[in-house]
Each structure stands twice: as C-alpha cells, then as structure tokens.
1. Kindly indicate the residue of segment 238-276 that is of a type in the set (D, E, K, R) and exposed (fewer than 13 other Cβ atoms within 10 Å of the Cβ) and also farthest from A124 (Cα to Cα) among those meeting that condition.
2. Would you check which residues across segment 190-207 are free of Cβ contacts under 8 Å to residues at least 60 places away in the same chain and either hydroxyl-bearing (S, T, Y) or more than 15 Å from M292 (Cβ to Cβ) (or both) and list them?
3. Among the residues of segment 41-57, are any buried (at least 18 other Cβ atoms within 10 Å of the Cβ) and closer than 18 Å to A169 by Cα?
4. It is to be established whether one or more residues within segment 148-166 are of a type in the set (A, V, I, L, M), under 20 Å from D131 (Cβ atoms) and either buried (at least 18 other Cβ atoms within 10 Å of the Cβ) or over 20 Å from the mean Cα position of the chain (by Cα) (or both).
5. Taking V35, is it of a type outside the set (D, E) and more than 30 Å from K204 (Cα to Cα)?
6. Pull out all pairs, ordered by first then second residue, where Cβ-Cβ is under 6 Å, the residues are six or more apart or on different chains, the first lies in segment 261-272 and is in a helix (DSSP H, G or I), and the second is not hydrophobic (A, V, I, L, M, F, W, C).
7. Quick one: in segment 139-174, which of the residues that are among the β-branched types (V, I, T) and assigned to a helix (DSSP H, G or I) is farthest from L110 (Cα to Cα)?
8. Restricting the first residue to segment 85-101 and requiring it to be assigned to a helix (DSSP H, G or I), which pairs with a second residue that is basic (K, R) meet a Cβ separation below 8 Å and a spacing of at least six or different chains?
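Derivation of every value follows stated rules applied to the coordinates shown; laboratory data play no part. Computed from a predicted structure; not experimentally measured. Cβ sites come from the backbone with ideal geometry, for glycine too, and all protein chains shown count toward neighbours.
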Amino acid sequence: MTQPESILVTGATGMIGAPVVRRAIAEGHHVRAVVRSGSDRSVLDGFDVEWITADLTDPGPDYQNAIRKSDVIVHTAAYVGDWGPVSTYRPINLDAVSELVRFASGSDRLRRLVHLSALGVYQATHHFGTDETTPVDLRGFDGYTHTKALAEGVIDAAHRDTGMPTVIARPGFTYGEGDRRILPRLMRRFRNGTIRMIGDGQRKLNNTCIDNLIDGLFLCMQRDEAVGETFNIRDERLVTREEFLGAVADYLELPPPKRVPLWFAKMARPVLETYGRLRGASEPPLLTGATMKFMTLNLDFSIEKAKRLLGYQPKVDFREGIQDALKWADENASC
C-alpha cells in the first residue's frame, strides 16, 4: 500500500481490530471503523476514523455502502469463546462472513479482503510443524473452531469462483494490549489459587504476540503474493506451558501453579463439562475441551510459508511481549 487507500475494519474496537485501525491511520490511509451500536470507542480516541455503526448479524445500507467504497477490508469481527452451542457462534463467525462476501462481490474497487481466522481450525491433536497444506477440521472442536473453519470455506469459494482478492490469516493464542479475556481469566485463577499445570508442561504453545500479528496482517494487505492464500501466523519462538504459566506467576509474584496429572484432568473434564451444561452455566467450568487443548497439546504450526511469500519476520519475543500484555491486563481489565 504505497498510496493512501480506503480501508474498512470490522471489529474495529477489538483487540486485533483497534491496532489495525491505528496503524492504518498512521500510514496515511482513510479508515472506516465498523462497530456495534453502544460499543466503547475509547480505544480509538484521538484517531480520525469514519465510524460505521452496524450489527453484522443484520447489516444495513451504511455497512453495505462502506464495503463498496473500500479498497481493502480487514475482517476481524468474531464471537470468541470456548463454551456454548454452535448456534451462539454461527451468526457472527459464519453468516456475517457470507454476507460480507456477498456485499463485496458488488465492489469495483476492492483490492484485498483479509479474513482473520485461527490456528484452531486444524484438528485438535498434537502438531509438530503443521503447515497450510493440512486440511482444516470442518467438524470443529467446539462452536468457535467449527464456525471459523466453515467461514474459511466461504472465503476460499469467493476467490475460487469469482476471483475475489482474498487472504486468510490464522493466528494462534494472541496476547497483548486489548486482551480482556484470556490473560485476565488466568490472572484471576492465579490469585484465587485455582490455576493448575496439567501434566509436565513441556509441550509447545502457539503463542502470537499482537505486534507480530499486526505485522503479518499488513503484509497480507500489501503483498500481491498473498492473494488467494492462507497463512499461519505466530511468534518465531514457541514456548512451553511451563514458561508461559511461569511468566504469569513471576509477574504476579506468586509461586508456580501446582501440577495435576494429565490422566486425572482427562477423567475430570467430561464430568465438569456435563455438570456445567446440566445447570446451564454461562461461564465454562475449570476444565473444558478447549482448556485441555490450550494447556496440553503440542501446538507447533509452521510459518515458513508466511516467511517465504510475505517476508514475515516476527520481531517480538514472548518474554518481551508477555510482560507488556500482563501489565496492560492488570491495569485495564478486571483481573
């Protein structure tokens, strides 16, 4: 993007959308920020954006017109979670993507549509260098990963069938400024004594610093080689769960978590999940399938394709990025 362009960002006040907006403005682009009515817009205070108020589950003409007037679309809006039925996730994570593609197909100026997916679309098993040639798991591991995998199919079809200039970016566990969910939850569990290390803690996490992810997304916008492609995006150095939880413990000046045998966690998980569903819990229990995946599987996904085609070089190491992330969560989220 050498010349100023018109960039539309969905989920513009979210953890990933907001830094995309800020960087695009810093580079001189005109940004249309799509937000829901009543959203807190303070994260973009002082930034010159054109606000588009829209409910992506029932988009109106303002949203449709904004799409057709944009050169680049970055779709970061999603319903994120690890608990609840597929029907909770489908309207935003799948139906809204189909509508976005439908509206964008009428554009005569669209140069790039970057769709934010997730490494969770791969099968929930151990991964040791898995690359983008591995098919996604369309059955999904839970409501979130199922709908994200199906949405990738919508994006792929748009490129294959109509030539729409799409790109799919798959980050892993994203940490950094703006995280009001994962690190705050972990910090609460450290402070109330309910956090546990499952197993030996030596398997790798698919850690992705928000700064590295934003670099990757802008390369997806800029590089012609990105069109029609899918990219895994993560940090250069992956860390073990022991290093990850140890960093949180060190920041909080608390001891490392006690350990729970993997066999015990595997036995306890279905009991806790069943009990949670029976009582209609809105919050996930201490152990869920997603928790087990996050804490016990080896999640090493290759980024060689992003390096080769995009020139992606993640600059921020976990040790540096996690300190900034924890500090922000401690000061801004209810931990």
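1. Of the residues in segment 238-276, the ones of a type in the set (D, E, K, R) are 241-243, 250, 253, 258-259, 266, 269, 273.
Filter again for exposed (fewer than 13 other Cβ atoms within 10 Å of the Cβ), leaving 253, 258.
On the way: E253: 33, K258: 25 Å.
Result: E253.
2. Listed by number, the residues that qualify are N192, G193, Q202.
3. At the first step, the residues of segment 41-57 found to be buried (at least 18 other Cβ atoms within 10 Å of the Cβ) are 43-44, 49, 52, 54, 56.
This time we only want the ones that are closer than 18 Å to A169 by Cα, so: none.
Within segment 41-57 (the criterion being buried (at least 18 other Cβ atoms within 10 Å of the Cβ) and closer than 18 Å to A169 by Cα), the answer is no, since none of the residues qualifies.
4. So the first thing to find is which residues in segment 148-166 are of a type in the set (A, V, I, L, M), and the list is 149-151, 154-155, 157-158, 164.
Subset that is under 20 Å from D131 (Cβ atoms): 149, 155.
Filter once more, keeping what is either buried (at least 18 other Cβ atoms within 10 Å of the Cβ) or over 20 Å from the mean Cα position of the chain (by Cα) (or both): 149, 155.
Yes, some residue in segment 148-166 is of a type in the set (A, V, I, L, M), under 20 Å from D131 (Cβ atoms) and either buried (at least 18 other Cβ atoms within 10 Å of the Cβ) or over 20 Å from the mean Cα position of the chain (by Cα) (or both).
5. It is true that V35 is of a type outside the set (D, E) and more than 30 Å from K204 (Cα to Cα).
6. If the second residue must be not hydrophobic (A, V, I, L, M, F, W, C), the pairs left are L262/G199; L272/P285.
7. Quick first cut of segment 139-174, residues among the β-branched types (V, I, T) only: 145, 147, 154-155, 162, 166-168, 174.
Next, from what is left, pick out any that are assigned to a helix (DSSP H, G or I): 145, 147, 154-155, 162.
Numbers: T145: 28, T147: 25, V154: 17, I155: 14, T162: 13 Å.
If we take residues in segment 139-174 being among the β-branched types (V, I, T) and assigned to a helix (DSSP H, G or I), then T145 is farthest from L110 (Cα to Cα).
8. Listed pairs, sorted by first residue: N93/K148.
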